[in-house]
Amino acid sequence: MKWPAKRSFSGPARWDPFEEIKRTQERLNQLFEDFMPMEEWGGGKVFTPAVDIKDEEDKLVVTTDLPGINKEDVEISLKEDMLEISAKSGKEKETEEEGYIRRERAYTRFYRAVRLPTSVKEEGGTAKIENGVLTITLPKMKLEEPVKKIQIE
């Protein structure tokens, strides 16, 4: 059996729509990862949301996006000048077909720790979550420096 001779085609490459879709999906995945990085862990994905800190006269206002999270699933802790925000969300789906039960679980976790630019008081701090945006308001500590006098010799 004789194989046909190989022909070389020097024209433009043929456009493959599926390859274009694959490249577009990869670019979108990279864009989302840059916006909200995540890590895999045993029970799902861990998102590291962006945090905005606004320094107002007598308080700091911290905001972050926590889409799909209820206030009961959010934990906020303050240790010295470190603010930690963690949240978790879980969904469970169960279907039964022909004697088989199928359960699917998906868990998402958010975690972010940020160092605050100034000392704050825990007392008087407030937090609220509205439309997937967490806003934390923390009153600043007033540091009163004692007046130092210099003696003349």
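The values are calculated or read from the model by the stated rules, or taken from the named source; none is laboratory data. Everything numeric here is computed off the predicted structure, so don't read it as measured data. Here Cβ is always computed from backbone atoms with ideal geometry, including for glycine, and neighbour counts include all displayed protein chains.
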Within region 75-93, the residues that are charged (D, E, K, R) and at pLDDT 90 or above are E75, E84
Check: Within the bounds of region 131-140, is there any residue that is in a strand (DSSP E or B), touching a residue at least 40 places away in the same chain (Cβ under 8 Å), of a type in the set (V, I, T) and surrounded by fewer than 17 Cβ atoms within 10 Å (Cβ to Cβ)?
Finding: yes
Subset of region 41-59, residues at pLDDT 75 or above and either of a type outside the set (A, V, I, L, M) or not in a strand (DSSP E or B) (or both), comes to F47, T48, P49, A50, D52, K54, D55, E56, E57, D58, K59
(Q) Against the definition (exposed (fewer than 14 other Cβ atoms within 10 Å of the Cβ), touching a residue at least 12 places away in the same chain (Cβ under 8 Å) and more than 15 Å from the chain's Cα centre (by Cα)), how does K149 come out, yes or no? (A) no
The one condition E72 fails out of (1) modelled with pLDDT under 90; (2) loosely packed, with under 11 Cβ neighbours inside 10 Å is (1)
Residue pairs within 9 Å by beta carbon, gap of at least six or interchain, first lying in region 61-82 and assigned to a helix (DSSP H, G or I), second loosely packed, with under 13 Cβ neighbours inside 10 Å and modelled with pLDDT of 90 or more, listed first then second, are K71/K128
The number of residues in region 94-125 that are surrounded by 11 or more Cβ atoms within 10 Å (Cβ to Cβ), in a strand (DSSP E or B) and not basic (K, R) is 8
Selection from region 113-130 of residues charged (D, E, K, R) and modelled with pLDDT of 90 or more yields R115, K128, E130
Checking E144, E96 in turn, the sole residue that is out of contact with any Leu (no Cβ under 7 Å at 6 or more places or on another chain), within 21 Å of E80 (Cα to Cα) and at pLDDT below 85 turns out to be E144
